[in-house]
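What follows draws every value from the coordinates through simple rules; no lab data is involved. Only a predicted model underlies this, so the values are computations on that prediction, with no experimental measurement involved. So basically every Cβ, Gly included, is an ideal-geometry build from the backbone, and we count neighbours across all protein chains shown.
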Amino acid sequence: MNFFPSRTLALYMAKMLTMRSLAVLAMLVLVLQALDLLGESGRIMSVEGNGQSELWTYISLRMPQLVQRFLPFSVLLGTIITAATLNQNSEVISMKAGGLSAHQILAPLILTSFIVAMVSFVFNETVVAPSTSRLSAWQSVDYGPIPAASNVRTNVWVRDGNNLINAKTVTGRGTDVLLQDITVYERVNNSLRSMMHGEEARYSGSAWTMTGVSRFNVLTGEEEFQDEFVTGGSLRPDQFTLANVDADGLSFTQLISAIQELEKAGRPTKELETSLWHKISGPLSSVLMPLLGAVAAFGLARSGQLFIRAVIGMALGFAYFVADNFSLAMGTIGAYPPILAAWAPFILFFLIGETVLVRTEE
């Protein structure tokens, strides 16, 4: 049960995995960021006033998402490269000759990947979630100017009876919600009768007070202007703040609060609960990569099967990501319970990796 009999050997293998994983991650992120920027730069620069600084802003917001998504891939590829190198140089044979089991050989790699998973979770909470929220808000206004306030929701649609209300930006929570650039489509029997536009709207406790109001009557073609207009007494502030909750743009604690608010409002939360559990199981998937890619570390390199073993390890790793995405999709539509959708692929491939390791090496 002594999984780290040699401190020097453990540090040596941990350093190998860390350096190779970071190198793979840097290569993937740089290439994918360049391709993504080529696709989005036209839309960004088409907005009047946008320039080079907006391109760098987009890169700063998009790159954390790429790091989050491809970090487990990088650990998988880093593991396979590390394992293949150790095998090719007969270092695995030397470890076995020294009395180490397969699990003892892999223990430093698994511990390193666990540390990577912890760092990934903190990175997702502090960097990825805020940048995702801001990027989504920016894209919703077609890369135009967005408010600098935090917790901004954009392009929110709410139905009030037959009427439809669209708010370009929604800031704040509870009774302090502020709606900006609001359009109210007043309908009778699903037929549009008038359009009312306001600059801002605030909740007074029983109704909404709109300022800078212009109202266009579709039947008469006349337009009226008012400084203030009180409307929407049946509309609640949470209908705007909970209209489109983006799990990727919220931290773990913020997502828990949003789920609780939705439950109080009687809204479905299965999709968000699945995303909540996946905020833990997603980063933790890095721990599986050394186990799934370990097949490349064993076997005789001179037998000519090292490449085949590396391909098998890569196939196991990518099969996990396919199963994980499929399970998340099933959880989103309610076919799987949230906790099962987030954790079933992790447990399944952990057992598969352990079975392969025990059956072939132990």
So if we plug the beta-carbon distance of M195 and V47 into 1/(1 + (r/R0)^6) with R0 = 25 Å, what FRET efficiency do we get, rounded to 0.05?
-> 0.50
Cα centroid separation, the stretch 66-111 to the stretch 251-274 (Å) | 39
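How charged is the neighbourhood of L288? Take every other residue with its Cβ under 12 Å from the Cβ of L288, and add Lys/Arg as +1 and Asp/Glu as -1. Don't jump to the answer; show the numbers that get you there.
On the way: positive: none; negative: D324, E354.
Around L288, the surrounding residues sum to -2.
If R0 is 30 Å, what FRET efficiency do you get for F318 and A97 from their C-beta distance, rounded to 0.05? Each step should come with its number before you reach the end.
Working: r = 33 Å, r/R0 = 1.09.
It comes to 0.35.
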Please give the FRET efficiency for L22 paired with R236, using the beta carbon to beta carbon distance and R0 = 30 Å, rounded to the nearest 0.05.
-> 0.05
Just report the Cα centroid separation between the stretch 309-330 and the stretch 202-216, whole Å.
-> 52
Spin-label model distance (nm) - E228 vs V119, 7 Å beyond Cα toward Cβ | 5.6
Which of the lysines could a cross-linker span from K279 if the Cα-Cα distance has to be under 30 Å and same-chain partners fewer than 8 positions apart are dropped?
-> K15, K168, K264, K270
Quote the charge dipole size of the chain about the Cα centre in Debye, to the nearest 20; the model charges only the Cβ of Lys and Arg (+1) and of Asp and Glu (-1).
-> 1440
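Within the chain, which DSSP H helices have Cα atoms that stretch 27 Å or more along the helix axis and a mean Kyte-Doolittle hydropathy of at least 0.0? If you can, show how the numbers build up before the last one.
On the way: long enough: 7-45 (53 Å, 1.14); 52-88 (47 Å, 0.50); 102-123 (31 Å, 1.94); 306-332 (39 Å, 1.38); 338-361 (35 Å, 1.40).
Correct list, ordered by number: 7-45, 52-88, 102-123, 306-332, 338-361.
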Env charge @ A342, Cβ radius under 10 Å, K,R +1 / D,E -1, value -1
Summed side-chain charge close to R193 - residues other than R193 whose Cβ falls under 13 Å, Lys, Arg +1, Asp, Glu -1 = 0
